[in-house]
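Structure first, then comments.
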Amino acid sequence: MVVAAAILPELATQLVVPVAAAVGIAFAVLQWVLVSKVKVAPEPRGEGGSAGGGAGAGGKDGASEYLIEEEEGLNDHNVVLKCAEIQTAISEGATSFLFTEYKYAGGFMTVFAVLIFVFLGSIEGFSTKSQPCHYSVGKTCKPALANAAFSTIAFVLGAVTSLVSGFLGMKIATYANARTTLEARKGVGKAFIVAFRSGAVMGFLLAASGLFVLYVAINLFGLYYGDDWEGLFEAITGYGLGGSSMALFGRVGGGIYTKAADVGADLVGKVERNIPEDDPRNPAVIADNVGDNVGDIAGMGSDLFGSYAESSCAALVVASISSFGINREFTPMMYPLLISSVGIIACLVTTLFATDFFEVKEVDQIEPALKKQLIISTAVMTVGIALVSWLGLPYTFTIFNFGAQKTVHSWQLFLCVAVGLWAGLVIGFITEYYTSNAYSPVQDVADSCRTGAATNVIFGLALGYKSVIIPIFAIAFSIFLSFSLAAMYGVAVAALGMLSTIATGLAIDAYGPISDNAGGIAEMAGMSHRIRERTDALDAAGNTTAAIGKGFAIGSAALVSLALFGAFVSRAGITTVDVLTPNVFIGLLVGAMLPYWFSAMTMKSVGSAALKMVEEVRRQFNTIPGLMEGTAKPDYATCVKISTDASIKEMIPPGTLVMLTPLIVGTFFGVETLSGVLAGALVSGVQIAISASNTGGAWDNAKKYIEAGASEHAKSLGPKGSDCHKAAVIGDTIGDPLKDTSGPSLNILIKLMAVESLVFAPFFATYGGILFKYL
């Protein structure tokens, strides 16, 4: 079939992708420079009044507003020093934990890299001779040993990029938290800008670096592979596997750390001792704030990087055996990377709306400003997708569809990406409806606290189950439309569409933990109640946007997993997955069970670690004289050590379960049973992940609704310390591991098993099913 070429020439494509990545990195650096202008150190007296000079003292930068501390006669010098001290403690705790975690992750990465090389290299007996191509009949491709070597290199590249992404995100967040607190003295708008710019640093760095490393890997691998695009893009799938495997350890380890500290701090501090959240007398308070950075920042960064890498790899694998790959059309082949490139520019324009074009002046403008980011980025990106589809694709082409070639038009591919993009927005706003205390579902959960913790738990669980309905319909519609239009390639680019605004999504997501830390620092530094009100307002908005971010991550994981599943089935030579076949059906049952097994392990891990934390916090309150009175300092280091030791020890069994399942099933039971396991895990895991995340988010915001007392209804349930509030705190602590450990980790489980199966598919197709061969 003769097809017209794309309008955009190869040279232009070779320039557009790295330039877009460079622009993203440069924009991230610019945001960081602007954030760094806020100093976490007292200025010399007489240079702007921030060390306690006159209220009217103005600096040359125009910062002449009254500071609340000055109005209330507080010693500003000591407050700034205290903020700097707390920031250092949080940063050191987070850095120490991540280095410990990365040692274990590095050991795993080494072992698994060897496994990849040995398994894939053994297919042709470690031969260096060229082999017949799997898809292109009559042609020869590079030897299996080369594919093994390059898959291993791609795996290490993906793993290192994932670890670096998580680490940089954590460093940026711990750099920004105290700066957000200090800017809150000048107004909620100033604090919002610092927190949001800091989130943008992480978002743009991750999106741009992920794109750039993938682009460089494709070009460098291409020097060896030449015209063998089938082998080249099969090897590139290792990049997605590396990214997601490290994300699993980041999510599980970070999630266990943060929730052990959070549950311990809340149960003893709020319920038993009736002291405020983030009170410096609470021994677990530093560990709690460290946890926000290692779980919500580093974990989420690695998670979304993994989703991006996998969706790109799935699309590239399918494209390489479609007309793009067969005819060696470079620009259409790079269509997934062009989408990501335009996404960076679209997110850059969107960010300016929050930081430059419009200014947040009031508390009630914070949440709308963040939600507008999602809407604007989606609208701008829709135009960008149309442009890329017009310039980067021929009008007519063919897409591989389980052994056949399906004729597709460029406008159909545009619709696939657009439906994924808009489905992400729908999932985000449905998640917000079920987790924001501005709407009736969460208010109903809060109201149920009148009769105690039991009814709160019942209402929260019901909310979580109900919240699954519309997101599943949105995902199902996206899959049906995209598959109908462009087979599995359509599903892969729909997932990319959902992730195309990853820079904005991550900026909003990182904003939440930064604001949460800012509030904690304000409380620990003894800053005024008015400052804490401002940081609480920032945190409340961030809590909702964090739930939206989790919705995006789970929705994209479902699409990515299905695309990877399709690529695996094609590579393994399976024509149909028949659930009536016993081999497939037993796999389906086991796969559907895996998310429950995994959730049980992670929930128990949080519970065990929290138990130790509660006992330690109680011990300190009971044995340290003057701790409750504030005349003695708690032993923060012991609590940090409990969280670190527990998370490192407990993250290994769930990680092992996920990583070994495809290897064991594929080797001993064969590709058909493995296809059943993947399908079962996908269908079951998505439902549990959505309900767990939304249940936990609803309980958290029901507690915040009562604490804020912003309406007559909320006031009737409070105040803090009331029986109603204590019931809400219990619900919140139950929801903590659901929304921040088990729920978010499940989307990595379904993606990781699928991409691992795809990477090892050649081995499973050759040697798999040992048990069934001898039965």
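The values are calculated or read from the model by the stated rules, or taken from the named source; none is laboratory data. Computed from a predicted model, the values in this text were never measured in an experiment. Glycine also receives a Cβ, built like all others from the backbone with ideal geometry; neighbour counts cover every protein chain displayed. Please note that ligands, DNA and RNA were not included when accessible areas were found on the heavy atoms of the full protein model with its side chains. Shrake-Rupley method; radii C 1.70, N 1.55, O 1.52, S 1.80 Å.
Starting from region 444-463, take each residue that is within 15 Å of Ser722 (Cβ to Cβ) and list its partners that are open to solvent by less than 60 Å² (accessible area, probe 1.4 Å) and aromatic (Phe, Trp, Tyr), counting only C-beta distances under 6 angstrom and pairs at least six apart or across chains.
So the pair list comes out as Ala446/Tyr705.
Kindly indicate whether any position in region 277-286 is of a type in the set (Gly, Ala, Ser) and under 28 Å from Ser96 (Cα atoms). Walk me through it before giving the result.
Restricting attention to region 277-286, the residues satisfying the condition of being of a type in the set (Gly, Ala, Ser) are 284.
Now restrict to residues that are under 28 Å from Ser96 (Cα atoms): 284.
Taking every residue of region 277-286 in turn, at least one turns out to be of a type in the set (Gly, Ala, Ser) and under 28 Å from Ser96 (Cα atoms).
Per-residue answers, yes or no, for (1) under 23 Å from the mean Cα position of the chain (by Cα); (2) touching a residue at least 60 places away in the same chain (Cβ under 8 Å):
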| residue | (1), (2) |
| --- | --- |
| Met334 | no, yes |
| Leu338 | yes, yes |
| Gly343 | yes, yes |
| Leu348 | yes, yes |
| Phe357 | no, no |
| Ile366 | yes, yes |
| Thr378 | yes, yes |
| Thr382 | yes, no |
| Thr396 | no, yes |
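Can you tell me how many residues in region 247-278 are charged (D, E, K, R), in a helix (DSSP H, G or I) and either open to solvent by 10 Å² or more (accessible area, probe 1.4 Å) or within 23 Å of Glu533 (Cα to Cα) (or both)?
4
What number goes with the only condition from (1) open to solvent by 10 Å² or more (accessible area, probe 1.4 Å); (2) under 17 Å from the mean Cα position of the chain (by Cα); (3) hydrophobic (A, V, I, L, M, F, W, C) that Leu678 does not pass?
Condition (2) is where Leu678 drops out.
Does Pro634 satisfy being open to solvent by less than 20 Å² (accessible area, probe 1.4 Å) and either acidic (Asp, Glu) or under 30 Å from Gly424 (Cα atoms) (or both)?
No.
Restricting to region 146-164, name every residue that is open to solvent by 10 Å² or more (accessible area, probe 1.4 Å), in contact (Cβ under 8 Å) with a residue 60 or more places away in the chain and small (Gly, Ala, Ser).
Ala146
Could you grab the pairs with beta carbons closer than 7 Å, sequence gap of 6+ or different chains, first residue in region 754-775 and aliphatic (A, V, I, L, M), second one open to solvent by 60 Å² or more (accessible area, probe 1.4 Å)?
Ile770/Phe668; Leu771/Phe668; Leu771/Phe669
Report, ordered by the first and then the second residue, all pairs with beta carbons closer than 6 Å, sequence separation of six or more or different chains, a first member in region 283-306 that is more than 19 Å from Ser165 (Cβ to Cβ), and a second member that is open to solvent by less than 10 Å² (accessible area, probe 1.4 Å) and basic (Lys, Arg).
That search, which allows pairs on different chains as well, returns nothing.
Mind listing whichever residues of region 680-723 are assigned to a loop (DSSP other than H, G, I, E, B) and not charged (D, E, K, R)?
Initially, region 680-723 is screened for residues assigned to a loop (DSSP other than H, G, I, E, B), giving 709-711, 718-722.
Listed by number, the residues that qualify are Gly709, Ala710, Ser711, Gly718, Pro719, Gly721, Ser722.
Of Ala572, Ala557, Ala610, which residue is touching a Gly at 6+ places or on another chain (Cβ under 9 Å), within 30 Å of Ile502 (Cα to Cα) and open to solvent by less than 50 Å² (accessible area, probe 1.4 Å)?
One residue alone meets the criteria, Ala557.
Being open to solvent by 30 Å² or more (accessible area, probe 1.4 Å), part of a helix (DSSP H, G or I) and among the small types (Gly, Ala, Ser) is the filter here, so list the residues in region 512-544 that pass it.
Answer for region 512-544, where residues must be open to solvent by 30 Å² or more (accessible area, probe 1.4 Å), part of a helix (DSSP H, G or I) and among the small types (Gly, Ala, Ser): just Ala540.
Quick one: is Thr501 among the hydroxyl-bearing types (Ser, Thr, Tyr), in contact with a Cys (Cβ under 6 Å, 6 or more places away or on another chain) and open to solvent by 10 Å² or more (accessible area, probe 1.4 Å)? Step through it out loud before you land on a result.
Values: among the hydroxyl-bearing types (Ser, Thr, Tyr): yes; in contact with a Cys (Cβ under 6 Å, 6 or more places away or on another chain): yes; open to solvent by 10 Å² or more (accessible area, probe 1.4 Å): yes.
So Thr501 fits the description; yes.
Residues in region 515-559 that are within 16 Å of Ile472 (Cα to Cα) and charged (D, E, K, R): how many?
Number of matching residues: 1.
Could you go through region 223-239 and let me know if any residue there is surrounded by fewer than 24 Cβ atoms within 10 Å (Cβ to Cβ), in contact (Cβ under 8 Å) with a residue 24 or more places away in the chain and of a type in the set (S, T, N, Q).
Checked region 223-239: no residue is surrounded by fewer than 24 Cβ atoms within 10 Å (Cβ to Cβ), in contact (Cβ under 8 Å) with a residue 24 or more places away in the chain and of a type in the set (S, T, N, Q).
Yes or no: region 174-187 includes at least one residue that is in a helix (DSSP H, G or I), more than 23 Å from Ile531 (Cβ to Cβ) and out of contact with any Lys or Arg (no Cβ under 9 Å at 6 or more places or on another chain).
No, the conditions are met nowhere in region 174-187.
For region 493-522, which residues satisfy the criterion of being touching an Asp or Glu at 6+ places or on another chain (Cβ under 9 Å) and among the aliphatic types (A, V, I, L, M)?
Within region 493-522, Ala495, Ala510, Ile514, Ala518, Ile521, Ala522 meet the criteria.
Since Leu627 meets every condition but one in (1) assigned to a helix (DSSP H, G or I); (2) touching a residue at least 40 places away in the same chain (Cβ under 8 Å), which condition does it not meet?
Going through the list (1) assigned to a helix (DSSP H, G or I); (2) touching a residue at least 40 places away in the same chain (Cβ under 8 Å), Leu627 breaks only (1).
Farther than 25 Å from Met651 by Cα and open to solvent by less than 60 Å² (accessible area, probe 1.4 Å), is that true of Pro132?
Judged against the criteria, Pro132 is not a match.
In region 17-39, which residues are open to solvent by 30 Å² or more (accessible area, probe 1.4 Å) and closer than 15 Å to Ala503 by Cβ?
Correct list: Ala22, Val23, Ile25, Ala26, Val29, Leu30, Trp32.
Given Ser209, Ser244, which one is polar (S, T, N, Q), in contact (Cβ under 8 Å) with a residue 60 or more places away in the chain, open to solvent by 20 Å² or more (accessible area, probe 1.4 Å) and closer than 24 Å to Ile554 by Cα?
Result of the check over Ser209, Ser244: Ser209.
Taking the residues in region 92-128 that are open to solvent by 10 Å² or more (accessible area, probe 1.4 Å) and acidic (Asp, Glu) as candidates, determine which candidate is farthest from Asp645 (Cα to Cα).
Step by step, filter region 92-128, then rank; the result is Glu124.
Is it the case that Lys739 is open to solvent by 10 Å² or more (accessible area, probe 1.4 Å), of a type outside the set (Phe, Trp, Tyr), at pLDDT below 90 and closer than 20 Å to Leu304 by Cα?
Criteria met by Lys739.
When the residues of region 136-161 are filtered to those that are small (Gly, Ala, Ser) and modelled with pLDDT of 90 or more, which remaining residue is nearest to Tyr224 (Cα to Cα)?
Checked region 136-161; the qualifying residue nearest to Tyr224 (Cα to Cα) is Ala146.
Which residues, counting only those in region 166-194, are open to solvent by less than 10 Å² (accessible area, probe 1.4 Å) and under 18 Å from the mean Cα position of the chain (by Cα)?
Those that are open to solvent by less than 10 Å² (accessible area, probe 1.4 Å) and under 18 Å from the mean Cα position of the chain (by Cα): Gly166, Gly169, Met170, Ala173, Thr174.
How many of the residues in region 387-406 are open to solvent by 40 Å² or more (accessible area, probe 1.4 Å), within 17 Å of Ala492 (Cα to Cα) and not basic (Lys, Arg)?
Selection size over region 387-406: 3.
Scan region 304-314 and give yes if some residue there is closer than 17 Å to Val493 by Cα, acidic (Asp, Glu) and touching a helix residue (DSSP H, G or I) at 6+ places or on another chain (Cβ under 6 Å), otherwise no. Steps first, please.
First, the residues of region 304-314 that are closer than 17 Å to Val493 by Cα: 304-314.
When the remaining residues are screened for being acidic (Asp, Glu), the result is 310.
Among the residues that remain, those that are also touching a helix residue (DSSP H, G or I) at 6+ places or on another chain (Cβ under 6 Å) are: 310.
Yes, region 304-314 has at least one match.
Would you mind finding the one in Gly210, Gly222, Gly199, Gly226 that is at pLDDT below 90 and out of contact with any Cys (no Cβ under 6 Å at 6 or more places or on another chain)?
Gly226
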